[in-house]
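> Below is the structure I would like to discuss, written out as structure tokens.
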Amino acid sequence: MSSSKKIRVLVAKPGLDGHDRGVKIVARALRDAGMEVIYTGLRQTPEMVVRAALDEGVHCIGLSILSGAHNALFPKIMELLKAEGVSDILVVGGGIIPEDDIPDLKKAGISEIFGPGTPLDVIVEYIKTNVKL
Amino acid sequence: MGDNKTLPAAVKRWDENTVAKTIGKFPEREETFLTISGVPVNRLYTPLDSKDLDYEKDLGFPGEYPFTRGIQPTGYRGRLWTMRQYSGFATAKESNERFHFLLDQGQTGLSVAFDLPTQIGYDSDHPLALGEVGKVGVAIDSLADMEILFDNIPLDKVSTSMTINADAVVLLAMYIAVAEKQGVSMDKLRGTIQGDILKEYVARGTYIFPLSPSMRLITDTFKFCSEKMPLWNTISISGYHIREAGSTATQEVAFTLANGIAYVQAAIDVGLDVDAFASRLSFFFGSHSDFLEEICKFRAARRLWARIMRERFKAKKDSSCRMRFHTQTAGCTLTAQQPDNNIVRVTLQALQAVLGGTQSLHTNSRDEALSLPTEESVQIALRTQQIIGHESGVGDTVDPLAGSYYIESLTNEIENKAMEYIQKIDGMGGAPAAIENGYIQREIHEAAYSFQKSVDSNERVVVGVNKFQVDEEQKFDYLRVNPESELEQIEQLNNLRKSRDDDKVQTALHDLRLGAEGETNLVPLIIEAVKVYATLGEICGVLRDVFGEYKATDL
């Protein structure tokens with residue numbers, strides 16, 4: 001990343017999961033790192049997440065699920081993005097996500113999954129390095 | 001406690017001679033030591049630190065006001081705490097099998113986890129339920145599912161705790177209806193519905209309706225149960241989720257008790273006598289990783305609640321002042337790294353809860369930072385409690401840490417700091433107002449963020465995460481919820497809709513709508529609706545229509 005353009009990130013809670021401690025902390029860390037962050041709040045359908053990402057013109061989407069619904073909802077979001085012809089938004093995820101599920105989520109287009117215990121810097125650096133501005 | 005006149009000088013001498021000499025050669029590990037909640041910890045506590053403590057007034061005796069030393073006169077000498085593992089997943093049938101397994105293993109009470117659609121009042125075929133059915137708990141769409149869930153479980157013998165909030169009254173109605181089919185009348189039922197909506201707005205997120213109608217559902221439940229279900233705990237006022245969201249120990253006590261105050265006030269405002277319902281209020285706390293601080297937290301919470309009930313609400317009966325609570329070890333302290341270490345964490349946390357005088361306990365399983373726990377992991381977690389109860393001896397005398405200079409000093413400090421918060425919240429108009437203006441959520445977020453920073457900067461060690469890491473491969477067997485469960489559940493729901501008597505359902509829902517629009521107690525109307533197999537989604541749909549939905553505060 002060489003441009004001085006600000007990275008815009010949508011952080012989202014798809015599904016019905018109410019665990020938002022992690023997502024709020026990540027949102028704040030990204031803001032502290034100089035990014036513009038939009039947080040959707042709870043209970044977002046895949047359609048709502050994709051709509052918000054397009055409306056806000058973000059470079060990155062961060063998805064958080066701790067309820068186990070990731071295998072249904074993450075790929076669905078990727079499908080909808082594809083259907084919109086979007087391929088340049090970096091999509092990352094986090095939450096309680098068993099190791100065995102990660103290969104399929106990556107195959108579906110999620111770039112990286114950050115599990116419990118991930119330092120905030122790791123997430124910030126990953127986004128800075130991989131985002132397309 | 002200490003009236004030793006020479007002690008201050010002696011402490012000074014020790015500090016200046018003995019300690020100074022040692023520190024010269026061996027500096028301490030930190031300049032200031034802090035509890036995990038940020039409370040400074042002194043090098044040494046002496047009788048001077050609790051010299052204002054009046055034994056009879058501030059500590060008293062177990063089973064007597066202000067209950068600092070516990071609510072049972074004989075502590076755990078009569079009966080150990082209730083070992084209650086939170087459990088439930090997939091369909092009612094699979095959860096019923098897990099319940100039978102747990103009861104066979106010596107568990108003494110049930111604790112039901114519901115999936116998110118159930119907790120948020122949606123049937124399993126609702127678009128927002130996609131991917132969530134049966135995931136974090138069992139899916140319940142109607143009384144038919146509840147009948148399967150409790151199949152062959154005698155409801156007059158077990159006590160059942162249900163983690164359900166916004167629509168707690170619907171699940172309570174279903175429980176009453178199942179019991180009736182077993183021939184057990186509702187006055188015999190023992191158990192708890194969580195029913196604590198305020199902390200859902202703050203921390204847990206399974207709200208449905210706006211504040212005011214939500215409070216009405218709670219006071220309707222208090223009233224109904226005070227007349228018909230004398231053994232039922234009508235609410236479990238929960239600090240657990242506030243703590244899990246990142247609060248400190250003091251905030252956990254303060255915000256939980258502030259919510260408790262709001263419920264008591266709401267019930268009094270609708271005309272209930274405080275002594276008619278207060279003894280059925282129960283509480284739920286987390287047990288986090290600072291061993292001594294947590295023990296003090298439990299003791300402080302008990303004393304503060306007793307004083308609030310007596311002094312603020314003028315409760316006459318001691319049983320109205322008695323804080324009974326459930327404890328769960330802190331899920332947020334479990335690590336995905338080296339997961340077997342979690343067994344040790346849970347052991348310490350469980351021990352704290354017992355030393356703090358809990359009435360019931362859930363011990364987390366080692367694999368919960370990774371997925372739902374396997375049967376083997378759940379068994380180890382339950383065995384942890386059994387070892388503490390039957391082998392360690394800590395339950396053989398009541399409140400064994402009382403009188404420790406540090407324990408009593410920190411118990412005081414937590415009580416005082418929590419009271420300061422409560423006064424601040426009172427100044428804003430009480431917990432509901434402090435939630436609507438986002439104050440409580442912001443305080444918790446600040447604490448959570450600064451905790452994460454302290455871990456990321458290695459100021460605070462988390463073993464296996466920022467120190468003592470190893471290269472490891474995940475080698476756990478996961479419990480997987482069969483993806484077919486969701487489809488099966490939806491199919492059963494469709495069959496139910498075809499086979500029931502729709503006229504009766506429509507009549508019951510119509511009556512419920514009229515009731516909700518008026519001021520009548522909604523519990524009997526909801527019982528009628530569940531008995532004719534109206535679904536949870538239909539019942540909550542009517543209430544959504546009448547009450548509207550809560551919109552979260554932007555922070």
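The values are calculated or read from the model by the stated rules, or taken from the named source; none is laboratory data. Quantities reported herein were computed from a predicted structural model and do not represent experimental measurements. Cβ sites come from the backbone with ideal geometry, for glycine too, and all protein chains shown count toward neighbours.
> If a residue has to be touching a strand residue (DSSP E or B) at 6+ places or on another chain (Cβ under 7 Å), in a loop (DSSP other than H, G, I, E, B) and facing chain B (nearest Cβ under 9 Å) to count, how many in region A:49-81 make the cut?
1
> For region A:82-113, give me each residue that is of a type in the set (A, V, I, L, M, F, W, C) and either in a loop (DSSP other than H, G, I, E, B) or facing chain B (nearest Cβ under 9 Å) (or both).
Across region A:82-113, the qualifying residues are A:Val86, A:Ile89, A:Ile96, A:Ile97, A:Ala108, A:Ile110.
> Would you mind finding the one in B:Ile388, B:Ile422, B:Ile444, B:Ile435 that is assigned to a helix (DSSP H, G or I) and more than 20 Å from the chain's Cα centre (by Cα)?
B:Ile388
> Mind listing whichever residues of region B:10-59 are more than 32 Å from the chain's Cα centre (by Cα), hydrophobic (A, V, I, L, M, F, W, C) and surrounded by 10 or more Cβ atoms within 10 Å (Cβ to Cβ)?
The answer is B:Ala10, B:Val11, B:Trp14, B:Val19, B:Ala20, B:Ile23, B:Leu44, B:Leu48.
> For A:Arg28, state whether it is out of contact with any Lys or Arg (no Cβ under 6 Å at 6 or more places or on another chain), among the basic types (Lys, Arg) and without any contact (Cβ under 8 Å) to a residue 24 or more places away in the chain.
yes
> Quick one: what pairs do we get from region B:436-463, first residue over 29 Å from B:Asp340 (Cβ atoms), second loosely packed, with under 14 Cβ neighbours inside 10 Å and not charged (D, E, K, R), C-beta under 6 Å, 6+ apart or different chains?
From residues that are over 29 Å from B:Asp340 (Cβ atoms), the pairs are B:Gly438/B:Leu555; B:Gln441/B:Leu555.
> Still on this model: In region B:493-551, which residues are over 34 Å from the mean Cα position of the chain (by Cα), free of Cβ contacts under 8 Å to residues at least 60 places away in the same chain and assigned to a helix (DSSP H, G or I)?
Answer for region B:493-551, where residues must be over 34 Å from the mean Cα position of the chain (by Cα), free of Cβ contacts under 8 Å to residues at least 60 places away in the same chain and assigned to a helix (DSSP H, G or I): B:Asn495, B:Arg497, B:Lys498, B:Ser499, B:Asp502, B:Asp503, B:Lys504, B:Val505, B:Gln506, B:Thr507, B:His510.
> Next question. Got at least one residue in region B:83-99 being within 23 Å of the chain's Cα centre (by Cα), within 14 Å of chain A (Cβ to nearest Cβ) and closer than 30 Å to B:Ser319 by Cα?
no
> Within region B:249-271, does at least one residue satisfy the condition of being of a type in the set (Ser, Thr, Tyr) and part of a loop (DSSP other than H, G, I, E, B)?
For region B:249-271, residues of a type in the set (Ser, Thr, Tyr) and part of a loop (DSSP other than H, G, I, E, B): absent.
> Further, regarding this structure: Taking B:Thr335 as the residue in question, decide whether it is β-branched (Val, Ile, Thr) and either part of a helix (DSSP H, G or I) or within 15 Å of the chain's Cα centre (by Cα) (or both).
No.
> Search region B:369-383 for residues being modelled with pLDDT of 90 or more and closer than 14 Å to B:Asp477 by Cβ, and hand back the single one that is surrounded by the most Cβ atoms within 10 Å (Cβ to Cβ).
By that ranking, first place goes to B:Val378.
> Checking B:Val346 against (1) surrounded by fewer than 19 Cβ atoms within 10 Å (Cβ to Cβ); (2) more than 16 Å from B:Phe298 (Cβ to Cβ); (3) touching a residue at least 12 places away in the same chain (Cβ under 8 Å), which test does it fail?
It fails just one condition, (1).
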